[in-house]
Each structure stands twice: as C-alpha cells, then as structure tokens.
1. Using the Karplus curve 6.51 cos²θ - 1.76 cosθ + 1.60 with θ = phi - 60°, what ³J(HN,Hα) values do you get for each residue of the range 488-498, in whole Hz, with x for Gly and Pro?
2. Before I look further, what does the chain give for accessible area per residue, probe 1.4 Å, in whole square angstrom?
3. Which residues among the range 232-262 fall inside the zone where the amide N is under 20 Å from a point 7 Å beyond the Cα of D86, along Cα→Cβ?
4. Using the beta-carbon distance between R613 and V69 and R0 = 45 Å, what value does 1/(1 + (r/R0)^6) give for FRET efficiency, to the nearest 0.05?
5. May I ask you to derive the FRET efficiency for T243 and D103 from their Cβ-Cβ distance with R0 = 25 Å, giving the value to the nearest 0.05?
6. With all protein chains present, how much of the accessible area of the chain (probe radius 1.4 Å) comes from carbon and sulfur, to the nearest whole percent?
7. Does anything in the range 424-451 have its amide N under 15 Å from the 7 Å Cα→Cβ label point of R10, and if so which residues?
8. Mind checking which of Y109, A34, Q51 is farthest towards the positive end of the range 25-127's charge dipole, using Cβ charges of +1 (Lys, Arg) and -1 (Asp, Glu) about the Cα centre?
Amino acid sequence: MSETSHAEGRTFPPPEQLAAHANAGPEVYDEAAADRLAFWEKAARRLTWTQEWDEVLDWSNPPFAKWFVGGKLNVAYNCVDRHVEDGHGDQVAYFWEGEPADDTRTITYAGLKDEISKAANALLDLGVQAGDRVAIYMPMIPETIIAMLACARIGAVHMVVFGGFSADALASRLDDSGAVLVITSDGGYRRGAPSALKPAVDDAVGRSPGVRNVIVVKRTGQDVDWSEGRDLWWDDVVDRQSTEHEPESFDAEHPLYIMYTSGTTAKPKGILHTTGGYLTQVAYTHWATFDLKPDDDVYWTAADVGWVTGHSYIVYGPLANRATSVMYEGTPETPHRGRWWEIVQKYGVTILYTAPTVIRTFMKWGEDVPKDFDLSSLRVLGSVGEPINPEAWLWYHEHIGGGRCPITDTWWQTETGAHMITPLPGVTSLVPGSAQFPFPGISAKVVDDEGNELSDDSTGLLVLTDPWPAMLRTIWGDDDRYVDTYWSRFGKNVYFAGDGAKKDADGNIWLLGRVDDVMNVSGHRISTTEVESSLVGHPSVAEAAVVGASDPTTGQGIVAFVILRESGTDSGDELVQTLRNHVARDIGPIAKPRQIMVVQELPKTRSGKIMRRLLRDIAENRELGDVTTLTDDSVMNMIKEKLPAAPSED
Ligand code: PRX
C-alpha cells in the first residue's frame with residue numbers, strides 16, 4: 001500500500017495526555033465564536049500594558065485597521081524584562097548553537113535584558129530615534145535578536161533583510177525604507193565555511209546616502225573593508241554601554257517592523273507590522289498552536305530570522321511566552337546529515353517547527369539518519385511555508401515524531417504576521433496534508449471568482465473576512481498598493497490572500513498554492529516578475545518568462561524561458577550557467593533558476609500576455625493544456641523541442 005493511500009481517510013486524534021493538559025482546549029473555539037473581539041482582548045491581557053486601550057478594534061476606515069486603540073506597551077519589556085522581574089532571570093532564553101559544533105552560547109533572560117539594554121543605549125548614542133528605520137543584515141547569531149529587540153525597545157523600526165539576499169536587494173530595501181543605520185556582521189558560517197556579509201553591505205550602503213552608520217558584529221573574523229567614521233564594531237559601541245535602560249511605552253499602533261516580501265511585480269513590498277496587535281497574536285498563537293509550557297518545553301523554530309517565521313516564532317512569540325528556545329546558525333547537513341537530530345537530542349527539544357521542503361530533504365536522506373538519535377523528548381511538531389504533502393506529513397509523524405507527536409500545519413503569510421489556519425494539538429483530529437481550521441478568532445472562507453462563499457467540497461480562493469490583530473497595516477509608503485493588492489478584488493472588507501484552497505466535506509481547509517505570479521521555492525516567496533526582470537537586465541536576453549514548476553523537494557522550482565537578443569548568440573550551457581548566476585547575484589541564491597531554456601518565441605495570447613500555464617506544463621513535462629488562444633501553435637512545438645532531458649542540479 002502506498003503511503004498516500006495509507007493516509008487517506010486516516011485521522012490522528014490528539015494524544016490523551018496532551019489534550020488533558022493543553023493550553024488551548026475546545027472551549028477556545030466557542031469563546032472566539034461567541035465574541036471575537038472579547039477573545040482577542042483576553043489574549044491581549046496576557047501582555048503587560050502601561051496604558052489600557054479605549055477600543056479593541058477600529059475598523060471605521062477599512063482596510064486600515066487599528067487594534068487596541070490608545071493602548072501603550074513596550075515590546076522588549078514584554079519579551080524580556082517582565083520575565084526577569086517575575087523571577088525568571090536565570091531561565092535560558094536561547095541555547096545558541098553555531099554551525100561549528102563546539103561554538104555554543106547560552107543566554108538567560110537576565111543576560112538578554114542586559115545585552116538588549118546595552119544595544120538600545122548604543123543606538124540612542126548614534127542618534128537613532130523612535131520611528132527611524134534600522135536595517136539588520138545578519139547571520140543566525142544572538143546579536144541579530146538583540147539588535148531587533150534593541151530597536152523595539154527604543155521604538156525604532158527594524159527591517160531585517162535575509163542574509164542570503166544580494167547587495168542589490170539590500171540596496172533597494174535600504175532605499176525604499178529610508179534606513180539610517182545598518183547592523184551586520186563580517187559573516188556567518190554556512191556549510192562549514194565562513195560566508196561574508198560585509199562586502200554586500202559596503203556595496204549597498206555605497207548607494208544609500210541616508211545610511212549614516214554601519215555597526216559590524218565580529219563573527220567569523222574575516223577581513224573586512226572599513227569606511228572610517230561610518231563603520232563601527234559592535235563590541236566598541238555596545239560593550240561600553242550601561243545595562244540600564246528604561247523602556248519607553250509606545251502606542252499599540254506604533255510601527256514595529258518592515259519585512260519585504262515578493263509580490264506580483266518586480267518591486268518587493270514592505271509589509272508593515274505594528275506593536276500591540278502583532279505581539280498579542282504571535283504570543284497567543286505560539287502558546288496555543290504549540291501548547292508551549294514555559295517551565296518544561298525546549299522550543300525550536302528551525303528557520304532563519306530573516307523571514308517572518310523567524311520574527312514571529314523565533315523572536316517575538318517565544319520570548320513573549322518566556323520560552324526556552326534553540327537557535328541554530330547553520331545548514332542541516334553540516335557537518336553531517338544528522339545535525340538537527342543531534343541538536344534535538346543534545347538540548348532535549350520538545351517542540352520543533354520547520355518547513356515541508358526540509359522534511360522532504362530528510363526523507364530523501366532516509367530514515368536511518370534520525371534513527372541514530374534519541375528524539376523521544378519531542379512532543380509537538382509544526383510545519384509552515386507551503387502545503388505539506390501527506391507523504392511528508394506521515395514521514396515526519398513517524399520518523400521524527402515517533403508516531404506520538406501531533407503535527408500542526410500552520411498556514412499564514414508575511415502579511416498575516418501570525419498563524420491563521422492550523423489545527424490545535426490538544427483539540428483537533430489531524431488530517432495529514434490539510435491545515436484544517438481557522439484559528440479561533442479568525443474568519444477564513446473559500447470563495448469563487450465573484451467572492452461567493454462556496455459550499456464544502458469545492459475549490460476556490462482563500463479570503464479572510466474579518467480583520468485580525470497581527471494583520472499588516474499597510475505597504476510601507478504605498479497605501480494605494482496595499483488597498484489594490486489585498487483589498488480590492490472583493491471589496492475593502494475582504495482580504496485576498498492569493499492562495500487557492502479547497503474545503504472538504506468535513507470542513508477541512510486544504511491550501512493549494514498561489515493563484516498569482518508568485519512562486520514558492522523551499523517555502524520562500526519569489527515573484528516570477530522579479531526573476532524575469534533580472535534576466536532581461538542581462539545584455540544577452542531580449543525577453544524572459546518565468547514559471548514555478550512543481551519540484552519534489554523544493555515544492556516549486558524556478559524555470560525560465562529566454563529569448564536571446566541576437567539570433568545566433570551562443571545558447572550553450574555556458575550562457576545558461578551565466579544567466580543562472582546572474583539572477584543569483586542580482587536577487588540572491590534562492591532565486592537562482594533551476595532550469596533556463598533558450599527559445600525562439602514565447603507562447604502569448606492575442607492580447608500579448610505570456611501564457612504561463614502552458615510554460616508550466618512544459619516545465620513539468622505534462623501534456624499541453626488548451627492552446628486555442630495562442631497566436632501560433634508552432635511556437636509550442638519549437639519550445640518543446642528545446643526541452644532538456646533533466647533539470648540541472650545545485
Ligand atoms: O502560499 C502560501 C504559503 O506561503 C505563502 C506565504 O509566504 P510567506 O509570506 O513567505 O510566509 C511564509 C511563512 C508564513 C502563502 O500565501 N504557505 C504558508 N504556509 C502554508 C502555505 N501553504 C500551504 N500550507 C501552509 N501551511
């Protein structure tokens with residue numbers, strides 16, 4: 001029997017022990033259904049506010065929401081100081097594990113409070129003020145979190161750029177956000193070797209006149225170029241500071257951070273998250289979705305802080321809940337393929353949260369790898385970033401979770417800030433492959449093209465029909481784009497998520513991937529247009545069309561079709577490699593196309609729109625779909641003839 005058929009119809013009820021002591025029991029659904037705003041208000045009371053709000057939600061000017069109107073709080077105080085004040089200063093906040101295995105650090109809540117206070121004082125010394133934007137371009141080291149919380153503490157808006165992004169990507173984000181300061185490091189460890197970050201910062205900052213200073217953490221000891229007066233070592237500016245810093249309270253709607261994400265155009269969108277609602281929902285969801293018990297659990301989100309998953313579930317949610325977390329710097333296969341399981345065993349990790357793409361990679365490596373480690377401490381597993389196929393779900397359940405750990409498949413987005421559709425481990429009977437039900441207090445529906453809600457067992461578009469506390473407030477500097485992108489398709493009260501979804505006969509929601517021109521590669525969002533515009537930016541390329549083709553490991557793989565400028569230009573392997581590297585340099589290695597096909601023409605409709613559906617069929621080697629609207633059928637034959645036998649590796 002194949003694993004898929006094995007999964008069919010099989011559900012996994014919550015383990016009895018877990019259900020009996022779960023943070024969130026079935027009553028949370030009833031409470032939220034009875035009074036949604038009262039439910040979120042109660043969740044907000046889990047935090048410490050210095051001023052009570054006057055109104056839970058102001059939705060008088062949709063789609064611009066205000067949550068906990070008039071309330072005041074400090075995010076860093078909520079994440080750290082209050083736990084120290086409550087007598088938990090000695091509790092470990094992070095077990096940090098560097099990629100070189102002997103390189104570890106243990107940071108307590110008291111230690112974290114001191115470091116954040118010092119960094120906050122350093123930022124103030126450098127003239128950073130509340131509302132200023134601070135870019136953070138860092139590897140997975142504790143200073144990244146310290147820098148984020150130091151910003152939050154003084155009301156500066158952080159803008160973390162994933163360390164795998166290029167100098168160009170960093171430069172455009174510095175420019176769009178108007179950053180005044182960059183915090184970076186000489187480099188970080190990836191795949192057993194130091195990987196430099198400072199050169200990209202030098203390049204990007206050279207084009208960003210608004211950046212006054214660059215603070216550099218020494219991590220790898222690599223040689224770095226130095227711009228006197230602009231560049232400052234973290235140790236020099238932070239270490240000499242006092243550990244005393246009085247946190248100031250900020251309005252619930254004070255901007256907390258900007259995180260850029262790919263949209264359907266070449267220009268990434270700066271998603272803006274604010275203070276009170278965001279922290280309320282990340283803290284509550286982290287506590288409920290993972291059943292986090294701060295005195296007992298060792299929690300690990302195995303993702304990069306440079307993505308929203310890292311922001312919400314490595315930093316803000318876990319700290320707000322006084323979790324003890326693991327943070328790992330490196331890659332899963334360094335120095336061996338069992339590294340993650342060694343970490344679980346070493347720290348006694350009880351909750352693990354990661355992406356299906358990694359699980360599929362582990363599946364490829366085989367179950368013998370985790371078998372050699374003691375994973376019996378695990379009790380809850382999580383999944384995020386893309387649909388988890390039932391095979392991967394079952395493998396994760398069995399070979400990592402020992403058949404005893406519930407898996408929470410959490411659907412959400414950079415824009416939503418926190419979990420939106422997920423099972424609850426102490427309540428839900430799990431259906432492998434489905435994210436199942438809206439989180440309590442969240443209204444999600446599946447609708448048709450006109451916005452009519454579909455009956456169960458139909459496929460359509462996913463929408464969110466009520467505002468939620470952690471929702472994005474706007475696109476930085478572009479309210480119109482915010483309205484157009486998310487709140488115009490079905491009116492100003494309905495959030496269009498951009499995902500296809502199906503509701504089955506039991507009401508379980510199955511996420512079916514993006515319905516727009518956004519690809520999902522290893523759980524990372526990349527816009528087809530962004531890759532296309534990079535390709536046409538190369539002197540040899542006249543036209544480019546990019547599609548996300550399904551890929552057994554990464555979910556989707558980037559496949560590009562290019563028309564060269566001069567006929568007869570070398571279309572050999574060398575050029576293809578050059579173009580792949582060009583995109584990797586332009587955007588970042590995650591955007592490097594899996595395959596590039598040089599073609600003479602692209603299939604277009606009569607109105608000149610590229611027919612990506614057909615290109616996807618080709619990239620996936622499927623039979624061609626309907627070609628009746630094509631201008632010239634022979635185009636497809638020509639393209640087909642160009643199909644290489646197998647996708648290239650790396
Ligand atoms: O298509 C959905 C997919 O990832 C998109 C959001 O990407 P991003 O903003 O980068 O955030 C990723 C981490 C939250 C969604 O529009 N996605 C995310 N989680 C799931 C998912 N698809 C299916 N199942 C999920 N659990």
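The values are calculated or read from the model by the stated rules, or taken from the named source; none is laboratory data. All values reported here derive from a predicted model rather than from experimental measurement. Cβ sites come from the backbone with ideal geometry, for glycine too, and all protein chains shown count toward neighbours. When the accessible area is computed, the model is the full protein with side chains, heavy atoms only, and any ligands, DNA or RNA have been set aside. Shrake-Rupley method; radii C 1.70, N 1.55, O 1.52, S 1.80 Å.
1. Working through the residues one at a time gives 10, 4, 10, x, 7, 10, 10, 8, 8, 7, x Hz.
2. Here the per-residue accessible area is 37 Å².
3. Of the residues in the range 232-262, 247-250 have backbone N under 20 Å from the label point off D86.
4. 0.50
5. Values: r = 25 Å, r/R0 = 0.98.
That gives a FRET efficiency of 0.55.
6. It is 47 percent, rounded to a whole number.
7. Zone members listed by number: 430-434.
8. Farthest along the dipole direction, towards plus: Q51.
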